[in-house]
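One structure below.
The values are calculated or read from the model by the stated rules, or taken from the named source; none is laboratory data. Note that the structure is a prediction, hence the values are computed from the model and not measured. Note that each Cβ is placed from the backbone with ideal geometry, even for glycine, and that neighbours are counted across all protein chains shown. Remember, those area values only see protein heavy atoms, side chains included, never the ligands or the DNA or RNA. Shrake-Rupley method; radii C 1.70, N 1.55, O 1.52, S 1.80 Å.
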Amino acid sequence: MNFKPAFLCIAVAAALAGAPALHAKPFKWSSASDIPTLDIHSQNNALGNGVHAAIYDSLVYYNSQTFKPEPQLAESWRQVTPTQVRFNLRQGVKFSDGTPFTADDVVFSIHRAMARTSNYQVYTQGIDKVVKVNDNTVDFMMKGPNPVLLNQLTELRMMSKAWAEKNKSAEPKDIRTKDETFAHRNAMGTGQYMVKEWQPDQRLVLVKNPNYWGKTDSNVTEIIYTPIKAEATRVAALLSGEVDFVLDPSPQDLARMRAHPNLKVIDGVENRTIFFGMDQHRDELPGSNIKGKNPLKDQRVRRALYQAIDSDALHRVTMRGLSQPTGTLVAPQVAGWTEAVHKRMPYDGEGAKKLLAEAGYPQGFEVDFACPNNRYINDEEICQAVTAMWSRIGVKAKLRTLPLVTYFPMIQRHEASIYMLGWGVPTFDALYSLQSLTRTVGTGGDGNYNVGRYSNQRMDYVVDRIKVETDLPVRNRLLTEGLQLSNDTVSHIPLHNQIIPWAMKKSVEVVHRADNRLDWRVVKVN
């Protein structure tokens, strides 16, 4: 089995090159939205995953310099057979309550991530079961060979079996409902930090875990996260010193922050693509003036919506250059990407009108359009600009914007006709995107974010073949075929890959990562 992750370009930000860390300090940071849950197997959300990594550990985790998976709770592993991988666990590790971490917790955690209510089944793809060999050893039994197993395991964190069962949290919280479990608002892991306080949408406070097993370069003893939706207020908090770091500074304020004597900005391309999905399942769209049929089922309509978008104007005006326009569902760092699939269809308003007329909608139509307003860079502004672009071809998009915590459960309930989504690829392998976004909705992570319910027999065949293909050149060709098929059938409307700036005090040292998360092991405040 060839565990071969993609390599990335990493930008290192050092406030004072070579300066030693001073005495331990708190780290205060902010972004537009709060984490959706503390449950590590509930909602697959990048911001939440990054915070979870401060509290919980996985068997392996990416090195922020090389982006190779390296040992964390697993010390070593080996392939016993093509479908059996043995992991030797790190001994002496304790949870923050002082209880030992054992093989029982690994078996429990992986099977919990495979549960019906889990949104993490895309990371358990290919795993049949996990078997305890002894207290310090587990075997992963695979449905077939899986060349990206290690990459998947970087996002599968370990929870205490005893703690979860004691607190009636053996299954993850279902994000589609308002029901809560103890693990939604509470956490107990083996990571560097413990939860001291979480007031959703107000404040999250983490403190050092006295039982932490590892060594870090960080001098941070307390992490204080404050979600601040308003861009101007976030920037003001950084300028005033109220916070040390902003994950998502507004593009219009970057020049001012770059010029500030006490601040610095570092940036890099994120492995996240922003796109629109469309309801291709219902026979009639709720709230549309077209009755008895669904215009979005017609590929000509989907292409018209695509070609009515002036991506250069979005890049130049709305994003102020902080985007990389694309025609596909993955960023260049992801296996399967090619220049050919990256190329966008041309912007063509008149051609879009002709396509609508050919499809039987010469006057356009009305359609529901939902977007988040605190998740992606300028998400609401993008949707407002696109609404205006679509209006020029007669499509009256009825835009509604929602905060992250209500937006994602809503689209998971299939309550949006056209929706915005940004998809990062933690495995750096296009199977993660194709399986989640374009595979017909099924089990084991198939279509888990295919909320428009696109379905194509050839796509299903390609995705299922990729899952078990071990010949890497053949596998890469299949990945590219799947991406091209998505383009050809307009399964989605790709917009751009995000370019992520981070703004911070000059006294802060971090490593910029393409997955847009902080590596808590190396954060310093000097």
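Work out Dmax and Rg for the stretch 243-290 from the C-alpha atoms and quote the Rg first, both in angstrom.
20.0, 58
Hey, could you grab the Kirkwood Rh for the stretch 60-138? Inverse mean 1/r over distinct alpha carbon pairs, Å, one decimal.
In the stretch 60-138 this quantity evaluates to 13.8 Å.
Please work out how much length the chain gains when fully extended from K143 to R203, using 0.36 nm per residue of separation minus the C-alpha to C-alpha distance, in nm with one decimal.
17.4 nm
For the stretch 100-150, what does the convex hull of the Cα positions come to per residue, in cubic angstrom?
On the way: hull volume 4.2 nm³, N = 51.
For the stretch 100-150, the hull spanned by Cα atoms encloses 82 Å³ per residue.
Loop only by DSSP, 14 or fewer other Cβ within 10 Å of the Cβ. Give me the trypsin sites (Lys or Arg not before Pro) in the stretch 367-463 that pass, ordered by residue number. Walk me through the numbers before you get to the answer.
Numbers: sites: R375, R392, K396, K398, R400, R413, R439, R453, R458; in loops: R375, R392, R413, R439, R453.
Qualifying residues, ordered by number: R392, R413.
Show log10 I(q)/I(0) for the stretch 272-406 at q = 0.12, 0.18 Å⁻¹, two decimals, from a solvent-free Debye sum over equal Cα scatterers.
Here log10 of I(q) over I(0) equals -0.50, -1.12.
Which lysines, on any chain, are close to K353 with Cα under 25 Å apart, when same-chain ones fewer than 8 places away are left out?
Once the sequence-local lysines are set aside, what remains near K353 is K291, K293, K297, K343, K396, K398.
Quick one: Debye curve from the C-alpha atoms of the stretch 372-437, no solvent, what's log10 I(q)/I(0) at q = 0.16, 0.21, 0.23 Å⁻¹?
Scattering profile of the stretch 372-437, log10 relative to I(0): -0.66, -0.98, -1.07.
Taking a cut-off of 17 Å, what percent of all Cα-Cα pairs in the stretch 214-314 are separated by more than that?
Values: 3605 of 5050 pairs.
Tail fraction, whole percent: 71.
Can you list the equivalent-ellipsoid semi-axes of the stretch 354-499, largest first and in whole Å, using the square root of 5 times each Cα gyration tensor eigenvalue? Don't jump to the answer; show the numbers that get you there.
On the way: eigenvalues 167, 73, 40 Å².
Semi-axis lengths for the stretch 354-499 are 29, 19, 14 Å.
Given a Förster distance of 25 angstrom, what is the FRET efficiency for S240 paired with Q384, based on the Cβ-Cβ distance and rounded to 0.05?
Plugging the Cβ-Cβ distance into 1/(1 + (r/R0)^6) gives 0.30.
Note down the relative contact order for the chain as a percent, whole number, built from C-alpha pairs under 8 angstrom at least six residues apart. Mind dumping the intermediate values first?
Values: 1220 pairs, mean separation 116.6, N = 526.
Once normalised by length, the contact order is 22 percent.
Can you compute the modelled spin-label distance between D348 and K506, with each label point 7 Å from Cα toward Cβ, in nm?
With each label point 7 Å from Cα toward Cβ, the separation is 5.2 nm.
Could you pull out which residues in the stretch 451-492 have an amide N less than 15 Å from a spot 7 Å beyond the Cα of Q299, following the Cα-Cβ vector?
454-460, 482-492
Over the stretch 36-195, with every protein chain in place, what whole percent of the accessible area is carbon and sulfur at 1.4 Å, could you tell me?
46
Please report the Cα spread of the stretch 414-457 along all three principal axes, rounded to whole Å, starting with the longest.
Projected onto its principal axes, the Cα set of the stretch 414-457 covers 29, 23, 16 Å.
Which entries of K132/K173; K68/K264; K25/K196 show an alpha-carbon separation above 19 angstrom in the structure shown?
K132/K173; K68/K264
Please name whichever of N63, V85, P100 sits farthest to the positive end of the charge dipole of the stretch 38-101, dipole taken about the Cα centre and charges placed at Cβ: Lys and Arg +1, Asp and Glu -1.
After comparing all options, I get V85.
How are the alpha carbon pair distances in the stretch 126-269 distributed across 10 Å bins from zero to the largest one, expressed in percent?
The distribution over the stretch 126-269 is 8, 23, 30, 25, 11, 3, given as percents.
Counting only GluC sites (Glu not before Pro) that are in a DSSP loop and have at most 14 other C-beta atoms within 10 Å, tell me the longest site-free stretch of the chain.
Excluding the exposed sites themselves, the longest stretch runs over 1-179.
To the nearest 20 debye, what is the magnitude of the charge dipole of the chain about its Cα centre, counting +1 on the Cβ of each Lys and Arg and -1 on the Cβ of each Asp and Glu?
Here the chain has a charge dipole of around 140 debye.
Considering only protein heavy atoms and a 1.4 Å probe, what is the carbon-and-sulfur percentage of the accessible area of the stretch 355-413? Intermediate results must be reported in sequence, preceding the final value.
Details: 1060 of 2090 Å².
On the stretch 355-413, the fraction of accessible area on carbon and sulfur atoms equals 51 percent.
Note the full-extension length gain between Q252 and N211 as 0.36 nm times their separation in residues minus their Cα-Cα distance, in nm to one decimal.
10.4 nm
Which order do M114, M420 take when ranked by solvent-accessible area (1.4 Å probe, heavy atoms of all protein chains), largest first?
Per-residue accessible area, sorted high to low, gives M114, M420.
Enter the accessible area per residue of the stretch 47-96 (Å², integer; probe 1.4 Å; all protein chains in place). Walk me through the numbers on the way to the answer.
On the way: 1730 Å² over 50 residues.
That works out to 35 Å² per residue.
Between N88 and R176, with labels modelled 7 Å along Cα→Cβ, what's the label distance in nm to one decimal, could you check?
The two pseudo-label positions are separated by 4.4 nm.
Keeping every protein chain present and rolling a 1.4 Å probe, give me the accessible area per residue for the stretch 210-342 in Å².
On the way: 5360 Å² over 133 residues.
About 40 Å² of surface per residue is accessible.
Just to verify a number: what accessible area does M194 come out at with the full protein assembly present, 1.4 Å probe, Å² rounded to tens?
Number for this one is 50 Å².
Only four residue types carry charge here, +1 at the Cβ of Lys and Arg and -1 at the Cβ of Asp and Glu. Report the dipole size of the stretch 382-526 about the Cα centre in Debye, rounded to the nearest 20.
Using only the charged Cβ atoms, the result is roughly 600 debye.
As a test of reading the structure, rank F369, F182 by solvent-accessible area (1.4 Å probe, protein chains only), most first.
F182, F369
In µm²/s, what is D for the stretch 163-203 at 20 °C and 1.002 mPa s, where D = kT/(6 pi eta Rh) by Stokes-Einstein and Rh is the Kirkwood radius from Cα pairs?
184
Could you bin all the Cα-Cα distances of the chain into 10 Å bins starting at 0 and give me the percent of pairs in each, rounded to whole numbers?
4, 19, 29, 27, 16, 5, 1
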